[in-house]
Amino acid sequence: MAQSLDARPADAADDWTIPQQWERYTSAEHAMWDKLFERQAKMLPERVVPEFIHGLDILRMTRPGIPNFEELSERLMRATGWQVVAVPGLVPDDVFFDHLANRRFVAGNFIRTPEQLDYLQEPDVFHDVFGHVPLLAHPVFADYMQAYGEGGRRAAAAGAIERLSRLYWYTVEFGLVRSDDALKLYGAGIVSSFTESVFALDDPSPNRLGFDLKRLMRTKYRIDDFQQNYFVIDSFEDLLDQTLNTDFGPLYTELATEHDIEIETILATDRVYTRGTQAYARAKVAA
Ligand code: PHE
Ligand code: FE
């Protein structure tokens, strides 16, 4: 996710983009990418949706070093008409939505420092590009992301950005998908994380619940630690179909009168894949 409300830096364009300045990365920065890439590449093949691996391949992201956005955009453009553009960090909601609606994915151009190997506050180029870009090469997911951007403008007008951002959070960032009888990862926040890519599938702590659009938009989320709850979609086609063919206008009106659902709550109407122990989250609170 790349949103917030800071003032636009002087060197950024009106749409908040900046040159990536790929030639400025040091060899240590490229090596940091390679290290992160290698860790994920080892672990992901049997955990992530095959479409993600396919995206890495057709975008040639398996080559060493931080990708050059221009080159990456050329390949992505050929696959699905998307581009990757650099921004200094977080950007305001309207700017973010506008880029997505125009099939431009905004990515931070800086990379984390060695001290931030496993945890960082602001999304860096590894999270943004490794995590998000491979699936943008998938036609259905690519359409979903554009539709989300268009939906963002409507949500802003309806004062419902918080609702819509939950959809982004529980799908684009932390989504799981059913694949035959197993669950697979597709959310960028998971696939770019060494520790959460194991936790999200294997740990008994979190709940794993079937995707339900309206229920999901009532559910709080946490940004400071592993998720306590993951929503599982049936397929990208189903996700696109359900979101595209639902008019969110009436949904926002309806939701305005309903209270939020706590993160760890399981409702009688939920399709439960895993009833989590919540042991991980409880231990953290107690500590
Ligand atoms: N259909 C949603 C609306 O009416 C827009 C949307 C589509 C949001 C796809 C997310 C994903 O606002
Ligand atoms: Fe993200």
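Taken together, the values in this text are just the output of simple stated rules run on the coordinates, not laboratory data. Predicted model only: the values in this text are computed from it and were never measured. Cβ coordinates were reconstructed from backbone atoms using ideal geometry, including for glycine residues, and neighbour counts include every protein chain displayed.
Some points to look at:
- Among residues other than residue 197 with Cβ under 12 Å from its Cβ, the summed charge is -1 (Lys and Arg +1, Asp and Glu -1).
- Average Cα contact separation per residue, the chain, under 8 Å, 6 or more apart, as relative contact order %: 18 percent
- Helices in the chain, meaning DSSP H runs of at least 4 residues, each add -39500 (n - 2.57). Divided by all residues, the mean residue ellipticity at 222 nm is -11500 deg cm²/dmol.
- Translational D in µm²/s for the range 207-287 (Stokes-Einstein at 37 °C, 0.692 mPa s, Kirkwood Rh from C-alpha pairs): 232 µm²/s
- Taking the range 101-237 and dividing mean pair separation by its residue count, relative contact order in percent (alpha carbons under 8 Å, at least six apart): 24 percent
- Sparse packing (at most 14 other Cβ atoms within 10 Å of the Cβ) combined with a DSSP loop state is found for the following trypsin sites (Lys or Arg not before Pro) in the range 55-129: 60.
- In the range 84-127, Cα pairs under 8 Å separated by at least six residues give a relative contact order of 43 percent.
- Residue among 184, 42, 220 with the largest mean-square fluctuation in a Gaussian network model of the chain, springs linking Cα atoms under 10 Å: 42
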